Amino acid sequence: MNPSFVTCPVCGAQNIINRRLAGYICHFCHFERRASHEAEGGGAVSAGKSFQDIARLFKIKDISEIYLEAGGDSDLLHLPDEYPVKFIPLSHDHRQVPAIWSEMSLPFQENIAEYFSRKYHQLAPGGLLYLSLPVKHRLVKSPTLPGQINFFTSKNIMFLLEQHGFKLHWRRNRFAPVLRIIAGR
Ligand SMILES: [Zn+2]
């Protein structure tokens, strides 16, 4: 059987697909892709209501609206009135928005480059992107989301952000199994 090659969406290295896993681990940058039905499932991360992280956004920039990605039934859409910010569901047509909240969504994206360039074009110049996702560590076992297909290292994410024109503003504890960062366009 001839091996099939695939290009790593993070670093561009050529990798051989492991047919049994229907995926691969990049030999160069350690990004990992699995077919979703192979994902372990269970051990889901509770996204939580990251109120502290919302406060972080305010510290960087005074905003009154945050656009929420793929969060149709999210609790964030129903924040109490006294909260100084409103969450609005993000659609593909939105442009020039001040901030995008992308919680646990990157692990499921088929096309990673397209994801980052879409975010870039949806944000206004100076706009903020909040990202959270589980990341792989050598020492700490990171959680797997049910149906997850992309498994990143935190280095992978820093590289992708830089490659797509984002600047890192803030990041929570670099050794945590869930990466939480705010980047700016
Ligand atoms: Zn790679």
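Which of the residues spanning segment 8-24 are out of contact with any Pro (no Cβ under 6 Å at 6 or more places or on another chain) and more than 9 Å from the ligand (Cβ to nearest atom)? Let's see the steps before the verdict.
So in segment 8-24, the residues out of contact with any Pro (no Cβ under 6 Å at 6 or more places or on another chain) come out as 8-15, 17-24.
The answer is Gln14, Ile17, Asn18, Arg19, Arg20, Leu21, Ala22, Gly23, Tyr24.
Can you confirm whether His137 is out of contact with any strand residue (DSSP E or B) (no Cβ under 9 Å at 6 or more places or on another chain), touching a residue at least 40 places away in the same chain (Cβ under 8 Å) and not small (Gly, Ala, Ser)?
Values: out of contact with any strand residue (DSSP E or B) (no Cβ under 9 Å at 6 or more places or on another chain): yes; touching a residue at least 40 places away in the same chain (Cβ under 8 Å): yes; not small (Gly, Ala, Ser): yes.
Here the answer is yes, as His137 does meet what is asked.
Tally up the residues in segment 58-97 that are of a type outside the set (D, E, K, R), part of a loop (DSSP other than H, G, I, E, B) and out of contact with any helix residue (DSSP H, G or I) (no Cβ under 6 Å at 6 or more places or on another chain), please. Walk me through it before giving the result.
Just the residues of segment 58-97 that are of a type outside the set (D, E, K, R), to begin with: 58, 60, 63-64, 66-68, 70-72, 74, 76-80, 83-85, 87-92, 94, 96-97.
Remaining after also requiring part of a loop (DSSP other than H, G, I, E, B): 63-64, 70-72, 74, 79-80, 83-85, 90-92, 94, 96.
Of the ones still in play, those that are also out of contact with any helix residue (DSSP H, G or I) (no Cβ under 6 Å at 6 or more places or on another chain) are 63-64, 70-72, 74, 79-80, 83-85, 90-92, 96.
Residues meeting the conditions: 15.
What do you reckon, is Pro84 out of contact with any Phe, Trp or Tyr (no Cβ under 9 Å at 6 or more places or on another chain), away from the ligand (no atom under 16 Å from the Cβ) and at pLDDT below 90? Let's see the steps before the verdict.
Details: out of contact with any Phe, Trp or Tyr (no Cβ under 9 Å at 6 or more places or on another chain): no; away from the ligand (no atom under 16 Å from the Cβ): yes; at pLDDT below 90: yes.
Criteria not met by Pro84.
Only residues that are over 14 Å from the mean Cα position of the chain (by Cα) and assigned to a strand (DSSP E or B): list them for segment 155-183, please.
If the condition is that a residue be over 14 Å from the mean Cα position of the chain (by Cα) and assigned to a strand (DSSP E or B), then Lys167, His169, Trp170 are the ones that fit.
Are any residues in segment 98-119 touching a helix residue (DSSP H, G or I) at 6+ places or on another chain (Cβ under 9 Å) and of a type in the set (Ser, Thr, Tyr), and if so, which ones?
Those that are touching a helix residue (DSSP H, G or I) at 6+ places or on another chain (Cβ under 9 Å) and of a type in the set (Ser, Thr, Tyr): Ser102, Ser105, Tyr115.
Could you look through segment 61-94, keep only residues that are closer than 27 Å to Asn156 by Cβ and surrounded by fewer than 14 Cβ atoms within 10 Å (Cβ to Cβ), and pick out the one that is farthest from the chain's Cα centre (by Cα)?
The initial filter retains those residues of segment 61-94 that are closer than 27 Å to Asn156 by Cβ, namely 61, 66-71, 74, 76, 90, 92, 94.
Among the residues that remain, those that are also surrounded by fewer than 14 Cβ atoms within 10 Å (Cβ to Cβ) are: 70, 92.
Numbers: Ala70: 12, His92: 17 Å.
Residue satisfying both the conditions and the ranking: His92.
Would you pick out the residues in segment 162-172 that are surrounded by fewer than 20 Cβ atoms within 10 Å (Cβ to Cβ) and either within 16 Å of the ligand (Cβ to nearest atom) or not basic (Lys, Arg) (or both)? Break it down into steps so the answer makes sense when it comes.
Taking segment 162-172 and keeping what is surrounded by fewer than 20 Cβ atoms within 10 Å (Cβ to Cβ), we get 162-165, 167-172.
The answer is Glu162, Gln163, His164, Gly165, Leu168, His169, Trp170.
Taking interchain pairs and intrachain pairs at least six residues apart, which have beta carbon atoms under 6 angstrom, with the first residue in segment 20-37 and on the phi > 0 side of the Ramachandran plot and outside any helix (DSSP H, G or I) and the second more than 8 Å from the ligand (Cβ to nearest atom) and among the polar types (S, T, N, Q)?
Correct list of pairs: His30/Thr153.
If you go through segment 115-154, how many residues are within 16 Å of the ligand (Cβ to nearest atom) and either surrounded by fewer than 15 Cβ atoms within 10 Å (Cβ to Cβ) or assigned to a loop (DSSP other than H, G, I, E, B) (or both)?
Selection size over segment 115-154: 3.
The values are calculated or read from the model by the stated rules, or taken from the named source; none is laboratory data. All figures in this text were calculated on a predicted structure; none of them were measured in a lab. A quick note on method: Cβ atoms are made from the backbone with ideal geometry, for glycine too, and the neighbour counts reach across all protein chains shown.
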